[in-house]
Amino acid sequence: MDIKQISLIIPDGVQPVYSNLVRISHSPADLVLDFAHILPGEQVGKINARIVMSPLSTKLLHMALTEHLVTFEQNFGEIKTPHIPLADQLFNKINKGQDPEKGSEGEETNGSA
């Protein structure tokens, strides 16, 4: 298979968007990636960009990101991820000044009231 070189033009005025949170949803036809920025201790983030991709394009993006993360970690060391479950990290209410792994009385939080 002959791979062709693709050129990309970045128009004047295009600004980078910082994101530390991505909400992902999907339908049978596409995946929607809502990129947001949320400040520490805040409960509301602002979506700055919405990307809609086909399942195939999303799979190819996943493969490219995986490849680049492997190279990044080879060059700069392992990226450490939090030890608390992702669902707990994203969906538990965390109060300001409270340890995210502990409840108000020092008990473990599990997302239930």
- Query: What number of residues within region 9-38 are out of contact with any Gly (no Cβ under 8 Å at 6 or more places or on another chain), under 17 Å from ALA49 (Cβ atoms) and part of a loop (DSSP other than H, G, I, E, B)?
  - Reply: 11
- Message: Can you confirm whether LEU61 is at pLDDT below 95 and closer than 30 Å to ALA29 by Cβ?
- Response: no
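To keep it simple, each residue is scored yes or no on (1) in contact with an Asp or Glu (Cβ under 7 Å, 6 or more places away or on another chain); (2) free of Cβ contacts under 8 Å to residues at least 40 places away in the same chain; (3) surrounded by 13 or more Cβ atoms within 10 Å (Cβ to Cβ).
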{"site": "LYS4", "(1), (2), (3)": "no, yes, no"}
{"site": "VAL14", "(1), (2), (3)": "no, yes, no"}
{"site": "VAL17", "(1), (2), (3)": "no, yes, no"}
{"site": "SER25", "(1), (2), (3)": "no, yes, no"}
{"site": "LEU33", "(1), (2), (3)": "no, yes, yes"}
{"site": "ILE38", "(1), (2), (3)": "no, yes, yes"}
{"site": "GLY41", "(1), (2), (3)": "no, no, no"}
- Query: Given the structure, is ASP2 modelled with pLDDT under 95 and part of a loop (DSSP other than H, G, I, E, B)?
  - Reply: yes
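The values are calculated or read from the model by the stated rules, or taken from the named source; none is laboratory data. Since the structure is predicted, the reported quantities are computational estimates derived from the model, not experimental observations. When we count neighbours, we look across all protein chains shown, and the Cβ atoms used for this are built from the backbone with ideal geometry, even at glycine.
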